[in-house]
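Student: Please find one structure pasted underneath; my questions will follow.
What follows draws every value from the coordinates through simple rules; no lab data is involved. Since the model is a prediction, treat every value here as computed from it, not as a measurement. Heads up, the Cβs are rebuilt from the backbone with ideal geometry, glycines too, and the neighbour counts pull from every protein chain shown.
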Amino acid sequence: MDSPKKIVAKYEIGYTQFLDPSGKLNYPLPLSLQENPLLIEMYQAMVRTRVFDAKAILLQRTGQLGTYPSILGQEAIGVGIGAAMDEHDVFCPYYRDLGTQFWRGVKMAEILLYWGGDERGSCFANNPQDFPICVPVASQTLHAVGVATAFKLRNEARAVVTTIGDGGTSRGDFYESLNVAGVWQLPLVLVINNNQWAISVPRNKQTFTATLAEKGIAAGILGQQVDGNDVIAVFHAVQEGIQRAKQGGGPSLIEAMSYRMSDHTTADDAKRYRLASEVEAHRLEDPIARLKHYLMSGQKWNETDETNLQEKAKAEVDNAVEEYLRIEPNAPSVMFDSLYATLPRALESQRQEVLHGIKSKNE
Ligand SMILES: Cc1ncc(C[n+]2csc(CCOP(=O)(O)OP(=O)(O)O)c2C)c(N)n1
Ligand SMILES: [Mg+2]
């Protein structure tokens with residue numbers, strides 16, 4: 001006998017794309033991008049980020065930088081988020097967020113310092129309210145929930161934006177963050193950078209659901225997908241999420257669909273686990289090429305502008321590299337300085353060893 005079942009809840013996940021891979025705008029621009037230079041600024045920011053990214057890899061290859069995670073192909077996610085945020089909002093990044101960080105004023109030399117293994121690269125001169133790069137996967141979402149709780153308790157009209165990879169959404173930290181954000185209706189926007197890979201683990205071996213956005217449903221959070229290679233779609237969704245958060249409408253979850261065109265980091269060789277043909281297919285979805293095409297076809301950009309931009313970006317990156325290489329390395333003992341307010345005794349003795357050299361057993 002059929003059970004007398006009635007539907008008590010139903011959910012849908014939407015997908016938004018304004019600009020398709022060929023550079024064609026299929027919907028009118030959002031109001032906030034009409035008749036204003038922001039779209040061109042976003043284009044410039046994506047190019048600048050890509051120039052930096054390529055240089056960072058070269059620095060690592062020549063022994064002048066530590067392990068570095070490229071953001072190649074994911075520039076629209078970072079820049080779209082950055083452009084949508086207000087100065088006084090707080091950003092809790094993971095490690096693939098150069099685009100947002102540069103937009104918000106983090107200096108290129110600071111990012112180089114960070115990946116060069118120097119703590120000073122986590123101390124942003126221009127935007128100290130933003131959090132440092134977070135490598136422990138998913139823990140940044142907990143930090144973001146903490147900041148958003150503070151804003152809510154203090155009645156401040158500020159929002160928190162945090163980012164996470166597709167693989168990171170499998171971690172408990174992420175689900176716990178979602179749950180708290182939902183039940184406390186926190187002013188939080190969570191953006192998933194779904195670049196289809198978590199090192200060598202593909203998205204379909206990570207989560208069985210059709211989308212990652214629907215992970216918000218169980219927490220009562222509005223989830224949606226956007227084309228993460230369309231900077232307009234990313235910008236629009238994040239801006240809406242921030243507005244909702246500030247009006248007391250609670251958190252949102254945005255799954256930005258993209259693809260990791262690079263190795264996971266400079267310590268990885270993705271050729272060992274994925275086909276070159278797969279990567280090549282995604283090249284056609286490039287976020288920069290499609291926006292360039294759109295701007296050029298509307299006479300808002302031309303080849304002279306492009307040459308000037310490339311030269312300016314290269315000079316800016318070269319200057320940042322010089323600044324980074326000029327900075328004297330920190331003393332090794334500073335690794336003990338930023339972790340605890342009061343250093344535990346066991347670490348104090350280790351600090352002394354670093355400061356004064358390890359005594360040999362015979363001394
Ligand atoms: C808690 C934790 N476990 C494992 C790692 C090692 N690790 C670094 S990146 C990564 C994969 C993350 O993939 P994803 O969340 O999809 O982000 P992506 O790197 O693709 O942007 C792993 C397992 C880590 N940094 N932190
Ligand atoms: Mg990933």
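Student: For the stretch 174-294, what is the Kirkwood estimate of the hydrodynamic radius, computed as the reciprocal of the mean inverse distance between distinct Cα atoms, to one decimal in Å? Could you put the intermediate results ahead of the total?
Tutor: Values: mean 1/r = 0.0635 Å⁻¹.
The Cα-based Kirkwood calculation yields 15.7 Å.
Student: For VAL226, enumerate residues with amide H under 5 Å from its amide H, sequence gap 5+ or separate chain, H modeled in the peptide plane.
Tutor: When sequence neighbours closer than 5 places are left aside, the close amide H contacts are THR16, GLU255, ALA256, MET257.
Student: For the stretch 27-35, take each phi angle, set θ = phi - 60°, evaluate the Karplus expression 6.51 cos²θ - 1.76 cosθ + 1.60, and give the result in whole Hz per residue in order, putting x for glycine and proline.
Tutor: 9, x, 4, x, 3, 5, 10, 7, 6
Student: Can you pull the percent of Cα pairs in the chain with separation above 35 Å? Walk me through the numbers on the way to the answer.
Tutor: Numbers: 17902 of 65703 pairs.
So the pairs more than 35 Å apart make up 27 percent of the total in the chain.
Student: Also: State, to one decimal in nm, how far the label point of GLN185 lies from the label point of ALA9, with both points 7 Å from Cα in the Cβ direction.
Tutor: 1.7 nm
Student: So what's the back-of-envelope 222 nm ellipticity for the chain, counting only DSSP H runs of four-plus at -39500 (n - 2.57) apiece and dividing by all residues, rounded to 500?
Tutor: Details: 11 runs with 146 residues, N = 363.
Rounded to the nearest 500, it is -13000 deg cm²/dmol.
Student: What is the Cα centroid distance between the stretch 7-81 and the stretch 293-318, reported in whole angstrom?
Tutor: 16 Å
Student: Given Cβ point charges of +1 (Lys, Arg) and -1 (Asp, Glu) and nothing else, what value in debye, to the nearest 20, does the dipole of the chain about its Cα centre take? Walk me through the numbers on the way to the answer.
Tutor: On the way: 36 positive and 44 negative charges, 168 e Å.
That gives the chain a dipole magnitude of about 800 debye.
Student: Continuing with the same structure: Estimate the FRET efficiency between ALA157 and CYS123 by the formula 1/(1 + (r/R0)^6), using the beta-carbon distance for r and 22 Å for R0, to the nearest 0.05. Walk me through the intermediate numbers first.
Tutor: Values: r = 27 Å, r/R0 = 1.22.
E between ALA157 and CYS123, to the nearest 0.05, is 0.25.
Student: Determine ³J(HN,Hα), in whole Hz, for all residues of the stretch 144-155 in sequence, where each value follows from phi through the Karplus function 6.51 cos²θ - 1.76 cosθ + 1.60 and θ = phi - 60°; x replaces Gly and Pro.
Tutor: Working through the residues one at a time gives 5, 4, x, 5, 5, 5, 4, 4, 5, 5, 8, 6 Hz.
Student: Give me a comma-separated list of calculated 3J(HN,Hα) values for the stretch 186-202, in order, Karplus coefficients 6.51, -1.76, 1.60 applied at θ = phi - 60°, integers in Hz, x for any Gly or Pro.
Tutor: 7, x, 9, 10, 9, 10, 8, 8, 8, 8, 6, 9, 10, 6, 9, 9, x
Student: Another question, if that's okay. Test of understanding: what is the full-extension gain from ARG272 to ARG61, defined as 0.36 nm times their sequence separation minus their Cα-Cα distance?
Tutor: On the way: separation 211, 0.36 × 211 = 75.96 nm, distance 1.91 nm.
Value of the extension gain: 74.0 nm.
Student: Given the C-alpha centroids of the stretch 84-134 and the stretch 213-234, what is the distance between them in whole angstrom?
Tutor: 24 Å
Student: Using a Gaussian network for the chain with springs between C-alpha atoms less than 10 Å apart, which of these wobbles most: ALA125, ALA76, ALA181?
Tutor: Greatest mean-square fluctuation among the candidates belongs to ALA125.
Student: Still on this structure, please answer the following. What is the packing order of peptides 159-170, 245-256, 274-285, taking the mean over residues of other C-beta atoms within 10 Å and listing the highest first?
Tutor: Going by the mean number of other Cβ atoms within 10 Å, highest first, we get 159-170, 245-256, 274-285.
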